[in-house]
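Written below as C-alpha cells is the structure these notes are about.
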Amino acid sequence: MHDHMYSYKKIIILIVFFAGFASSSDMRESAIEERTKPAGSICLKGDGCGISSAGPGYKVNPLATMTSTPVEVSSNKIALSEGPEHEVKMLNSGADGIMVFEPAVIKISKGDTVNFVATDMSHNSASLDGMIPAGANSWNGALSQDISITFTEEGVYVYQCTPHAMMAMVGVIQVGEAVNLDAVKAEASQKKSIFVSNTDRLDEYLSRL
Ligand SMILES: [Cu+2]
C-alpha cells in the first residue's frame, strides 16, 4: 500500500515536471525565433512566397506557391486604348501576379496622358534608360505617389517600380507606332538578368505589342 502511494505521487511529479519543461522549452524556442528572425526577406525564384496585402512590405508565406508567371502563348496583340487619359494602377497583387502595374501593357496615342495611381503603397513608376524612344523625356515618380506623364514622342516605353525591379515589377507603354521596339527588346534581354522572379514577364509584355 505504501509503495503504491509512492509510485502514484512519483508519476504525478513526473507529469508536472515534463509539462513544465515542455512549455518552458517552447517559450525559449519562440523567444529565440523572435530574436533571430530577419527584419525582411527577399523571395527568390522557386521559393514559396506570398504577399501580405495588409500593408507595406511583404512577408514570405511558405504555404503559398509562386513561380514565374507562365508565358502566355497568345496571338492577341494589345488594342489601342481609347481617350486622351489612361490609368495604370500600382498594385501588390493583380491579374498578372504579385507586384504589378495594371494594365501592365497599354497602347495609347501621341499626346495622351497616363496617370499612375498609387493604389497600394510603396510603389513608384520610373522610366528605364535605353528603353524609351530617342528624344523622349524620362520620369521618376516618388514612392506611394500618383504621377501623370504626357507622351509626346512615339515609340515603346518600359518603366519599372524601383523597389520591386528585382521582382520584374515593370510596365510597357506603346505610343503610336513602336518605332524603337527592336532596341527595347535588345535592352530587355539585358534587363532580365536582374530579375529573380517573374523572369519572363517583360518578354511576355513586349510580345503583346
Ligand atoms: Cu513596386
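Bear in mind that the values in this text are calculations on the coordinates, not laboratory data. Keep in mind that this is a model prediction, so the values were computed, not measured. Cβ placement follows ideal geometry from the backbone for every residue including glycine, while neighbour counts extend to all protein chains displayed.
Indicate the gyration tensor shape class of the stretch 85-207 (rounded, prolate or oblate), computed on the Cα atoms with a ≥ b ≥ c the square roots of the eigenvalues: a/c under 1.5 is rounded; otherwise a/b larger than b/c is prolate and the rest oblate.
Cα axes put the stretch 85-207 in the oblate bin.
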Original post:
Once amide H atoms are placed 1.01 Å from N in the peptide plane, what residues at a sequence separation of 5 or more from VAL105, or on another chain, have their amide H within under 5 Å of its amide H?
Top reply: VAL172
Subject >> Cα-based Lys proximity count in the stretch 82-209, under 22 Å, for pairs eight or more positions apart or on separate chains >> reply: 5
**OP:** Quick one: order ARG201, ARG208 by neighbouring beta-carbon count within 10 Å, fewest to most.
**Re:** ARG208, ARG201
